[in-house]
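The values are calculated or read from the model by the stated rules, or taken from the named source; none is laboratory data. This one's a predicted model, so the numbers in the text were calculated from it and none came from an experiment. A quick note on method: Cβ atoms are made from the backbone with ideal geometry, for glycine too, and the neighbour counts reach across all protein chains shown. For accessibility, only protein heavy atoms count, side chains too; no ligands or nucleic acids. Shrake-Rupley method; radii C 1.70, N 1.55, O 1.52, S 1.80 Å.
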Amino acid sequence: MSPERGSYADPAVDYHVEIAFTLNGAEVRIRVDPAERLLDVLRYRLGLTGTKEGCAEGECGACTVWIDGLPVDSCLVPAVQARGREVVTIEAVDPMRLRPLLESGATQCGACTPGVVMTALWILDHPDLLETHTVRELMAGNLCRCTGYDGIVEGVLEALEATRDTEREPA
Amino acid sequence: MRSPVPRGRIREVRFASGLDRSELVVVDHRDLTGPNEVLLIEPDQPVLAADRVRHLHEPVLLLAHPSREALRRAVAAVEIVVDPEPPVLDFTVDPPPGGVQYGDDNVLKRLSIDKGDVETALAGAARIVEGEYRTGAQEHVYLENQGMVAWEEGDVLVVKGSLQCPYYVLKALGHALGRGPDRVRVVQAPTGGGFGGKEEYPSLVALHAALLARKAGRPVKLVYERGEDMEATTKRHPSLVRHRTGVDVEGRLLAQDIEVVLDGGAYVTLSPVVLSRAIIHAAGPYACDHVRIRGRAVFTNSPPYGAFRGFGAPQTIFANERHMDVVAAAVDLDPIELRRRNLIENGQSTATGQVIDDGTDRTALLDRAVELSGWHEKKAAHAELARRHPWRRRGMGLACFHHGAGFTGSGEVVLASRVDVAGLADGRIEVRSGNIEMGQGTLTVFTQIASEASGLAPSAIALAEPDTARVPNSGPTVASRTVMVVGRLIERAIEDLKARLGLPPDAGGDRFAEAIRAAHAERGEAPVGTATYQPPPGVEWDETTYRGDAYAAYAWAVYVAEVEVDLRTYTTRVVDFVALQEVGKVLNETLARGQIQGGVVQGIGWALMEDVVLEDGAMANAQLTNYIIPTSDDVPPIRVTFEETPYAHGARGAKGLGELPIDGPAPAVVNAVARATGTRPTTVPLTPERLMERLEEGRADVA
Ligand code: FES
Ligand code: FES
């Protein structure tokens, strides 16, 4: 669904801009309206519907993607801000990394899950965060209405444990 | 396009001049080809308001456009002009003159339960303890909003979307569009949470999408944004419950006199059945010979309240369990001891006269939960904290409760749910049911049940997509009935399939698969086994007197909360939570535990923070920014324990458990806050503002 001209001051001017960014490792070039949300570009223009919309106002985290390695709410990010950056979405995630989360009951309906996974993997990639924060604090930006969070928190902790075990194994 | 006022007459629909109407599809009530009614219990709710509106945000007009931007412009250019009338917004008082909009007195439904002789028993009581309790509306906040896609396939109108009850939607479509069941088809898409919010409401969304698709002559997608979903869709019924309880000197319950009032909103929808479950659970899991319960659901000019996990029981259980602590204090008994003296023993009966004899030891459950929670050790520590600390206060609270599984009374018999199991050409079997997955684990547990009953590997079990063209009506996915009732039908349909193939009931695995393949080779079509609901023997219910076996089985639970209250900010934090329950056989530990934890956290939200602010009868804080639900950092780990007494008539011995966990947290948490602060809160959500008022009142009393 492409936004049209006419939303801006001069209806005769085409305000669209072309941007390029890296999406899940591949180069993307696309013309976007300056007010178009990254979430909509991903879902409706590029067909990556794994990223979900839960609230459209930065509260629920269902739309979490990474930009340059940091989890962000893609409903709050104008697509133009992705220019020249590296965007990673749930579609790029290796399903094998999700095993501990599946086994701990981290997902029920699944609507929050893509966002939960993007935050969870970010925690796993930066275990030093746990020196200053708890998993519960770090996950607080992702609302889940089904699990009550125990399954998510345990899954993250078990995945951390598994990562440590692999690291400890002699090469 | 929705009503801008809570009550009034529609004068006109105004389109701004200059609006580009090319490609814009406009639908109003005149586009219906059947009665303008959302078919459910009563025919009072229109699909699209025709001449009058009865609540804010009531749907009046539908617009569709290929471009979302153009649609937004069109919405801004259309105005629904209504001559407003004074709305009725308070369900707790009689309607003012001119305010009656349903029947003679705005009462949507009245129900009552009578056991023994309450007045005589009260006259002989050592103490009579009274209390009044209120609960607020609660928004479901399923993470995925309401959404539906509709299109025409030849002569058939197809609707696919986020929903719990394909056959409810099918009936509503057929009725209002004037189409036979062979010309409508409903398919459930994997659903991102429901909690009851997708029980009745999707019929309306489906009708709207279908009307637009029919007029547009092309597929139409209708997805709510969060704000619209919160403003316009159903919520948990607000309630007012009054108790008058007679006890003897030992704290034994002599009489329970209970009045239950629910805010039904502007249309009947499911309120009669919500009220039914509310009153049946109102007296709690206690033995009392004299019980009188009067219930009513009342009309207001609010968007209709509807199904929400627990279905009326959480409201009356909050009142009853909060009241039990008040009764305990009145007779100077420990709240645990008061409950121990009154819990139903096997052989005793509930308020409807249902004799409970299921082998569960409810007193043992109570003792075990208390022990798991560390109640006695913590009590001393809390007293010490209160002496030492200027503003930190801690307290423990508990709730004992039960929840009936499946439809109430004769509901399951009336439903007459059916499940089919077909043998596939390659020897696998396909389970065909209309029960859906919305996160609660239906797909996994149905696979387990079918695998165990057939002796086939899980990989040899296929589950048909819930598509009304392919699956029979196995009833709605509600009321904690999926595993217990429908799961049992799967077992019986598999037995039937075996019998049709000439196999003994215990034949399974390879032999079963071989017989299926042979049947295919012989007849060239799939052999199908089928099962239709049969009530367990001895279950009797009288719908007119509300006497008898209200539910075939109950789950039992004792929940204990520990809270910390900050006397500077009046915020309450739940620091520990023990959820102990007896739910029959647990079929999948991970999923069952997840249901309990999720339900408990939803209940903690309702208890402390989920405050639906009503203006003109509708939700004013319709944003996740200011309707707060718990995050991972707002709740402690929920400590879940199951006791299992296998239930003979549920699949693999299971009873229902999905709704149970929403019942207990509010009373357990509020009882804990009462203990921590020495106040008597009677309302949920107990927000910091409400707790502050309570504490200020308390100070005024002392002064
Ligand atoms: S949709 Fe972006 S935070 Fe909710
Ligand atoms: S699994 Fe449903 S919202 Fe998290």
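General remarks:
- Spatial separation of Cα centroids for region B:153-186 and region B:589-663, in angstrom: 31
- Using θ = phi - 60° and Karplus 6.51 cos²θ - 1.76 cosθ + 1.60, couplings along region B:95-110 (whole Hz; Gly, Pro as x): x, x, x, x, x, 6, 10, 9, x, 8, 9, 6, 8, 6, 6, 10
- List of region A:129-165 residues, accessible area with partners at least 30 Å² below that of the chain alone (1.4 Å probe): A:Arg136, A:Ala140, A:Leu143, A:Arg145, A:Cys146, A:Gly148, A:Tyr149, A:Asp150
- Segments B:535-545, B:611-621 sorted - mean Cβ within 10 Å per residue, highest first: B:611-621, B:535-545
- Volume per residue for region A:93-168 equals 82 cubic angstrom (convex hull of Cα atoms).
- Relative packing of A:113-121, B:351-359, which averages over residues the other C-beta atoms within 10 Å, highest first: A:113-121, B:351-359
- Number of partner chain Cβ atoms within 10 Å, mean per residue of B:596-602: 5
- Comparing mean-square fluctuations of A:Gly25, A:Gly141, A:Gly58 from a GNM of chain A with C-alpha springs under 10 Å, the top value falls on A:Gly25.
- Estimated translational D of chain B in µm²/s (Stokes, Kirkwood radius over Cα pairs; 25 °C; 0.890 mPa s): 92
- Span-like helix ranges in chain B, DSSP H, alpha carbon extent 15 angstrom or more, Kyte mean at least -0.5: B:166-177, B:201-216, B:313-330, B:362-373, B:442-454, B:589-608, B:665-677
- Interface residues of region A:86-112, defined as a loss of at least 50 Å² in heavy-atom accessible area between the chain alone and the complex of all protein chains with a 1.4 Å probe, are A:Gln108, A:Cys109.
- Going from the chain on its own to the full set of protein chains, region B:46-79 has these residues losing 40 Å² or more of accessible surface (heavy atoms, 1.4 Å probe, no ligands, DNA or RNA): B:Arg68, B:Glu69.
- By accessible area with a 1.4 Å probe, ligands and nucleic acids excluded, highest first: order of B:Arg296, B:Arg393: B:Arg296, B:Arg393
- Portion, in percent, of the accessible area of region B:195-329 that falls on carbon or sulfur, probe 1.4 Å: 49
- Accessible area of A:Thr163 (1.4 Å probe, protein heavy atoms only, ligands and nucleic acids ignored): about 50 Å².
- C-alpha long axis of helix A:113-125 to longest principal axis of chain A, angle in °: 60
- Computed in the context of the full set of protein chains, the accessible area of region B:3-71 at 1.4 Å probe radius has 48% of its extent on carbon or sulfur.
- Rolling a 1.4 Å probe over the protein heavy atoms leaves B:Ile628 with an accessible area of roughly 70 Å².
- The distance linking region B:376-396 with region B:127-152 is 34 Å (Cα centroid to Cα centroid, whole angstrom).
- Between the Cα long axis of helix A:150-168 and the first principal axis of chain A there is an angle of about 70°, rounded to the nearest 10.
- Largest accessible area first, the residues B:Arg30, B:Arg294 order themselves as B:Arg30, B:Arg294 under a 1.4 Å probe with ligands, DNA and RNA left out.
- Under the Karplus curve 6.51 cos²θ - 1.76 cosθ + 1.60, θ = phi - 60°, whole-Hz ³J(HN,Hα) for region B:23-40, x wherever Gly or Pro sits: 6, 8, 9, 10, 10, 10, 4, 6, 7, 6, 10, x, x, 7, 9, 8, 5, 8
- Taking all Cα-Cα distances within chain A, those exceeding 30 Å account for 24%.
- Å² per residue, accessible surface of region A:93-168 at 1.4 Å: 43
- Residues whose placed amide H lies under 5 Å from that of B:Ala462, excluding near-sequence neighbours: B:Ile429, B:Glu430, B:Val431
- Anisotropy class assigned to the protein assembly as shown is rounded, per the alpha carbon gyration tensor with a/c under the 1.5 cut-off.
- Accessible surface buried once A binds B (1.4 Å probe; total of both sides; Å²): 3000
- Taking the protein heavy atoms of region A:17-91 in the context of the full set of protein chains, the accessible area attributed to carbon and sulfur is 48 percent at 1.4 Å.
- Isotropic mean projected area of the C-alpha convex hull, region B:514-595 (nm²): 12.8
- Among B:His323, A:His133, the sequence by solvent-accessible area, most first, with a 1.4 Å probe is A:His133, B:His323.
- Solvent-accessible area per residue in chain B equals 36 Å², computed with a 1.4 angstrom probe and all protein chains kept.
- A 1.4 Å probe, protein heavy atoms only, puts the accessible area of B:Ser22 near 70 Å².
- Sequence-ordered 3J(HN,Hα) estimates for region B:472-478 from the Karplus curve with 6.51, -1.76 and 1.60 and θ = phi - 60° stand at x, 7, 9, x, x, 8, 8 Hz, glycine and proline given as x.
- With all protein chains kept in place, the per residue accessible area of region A:17-91 amounts to 41 square angstrom at a probe of 1.4 angstrom.
- Taking amide H positions as modeled 1.01 Å from N, with prolines and chain starts lacking one, the residues under 5 Å from B:Leu254 and 5 or more places away or on another chain are B:Gly246, B:Val247, B:Asp248.
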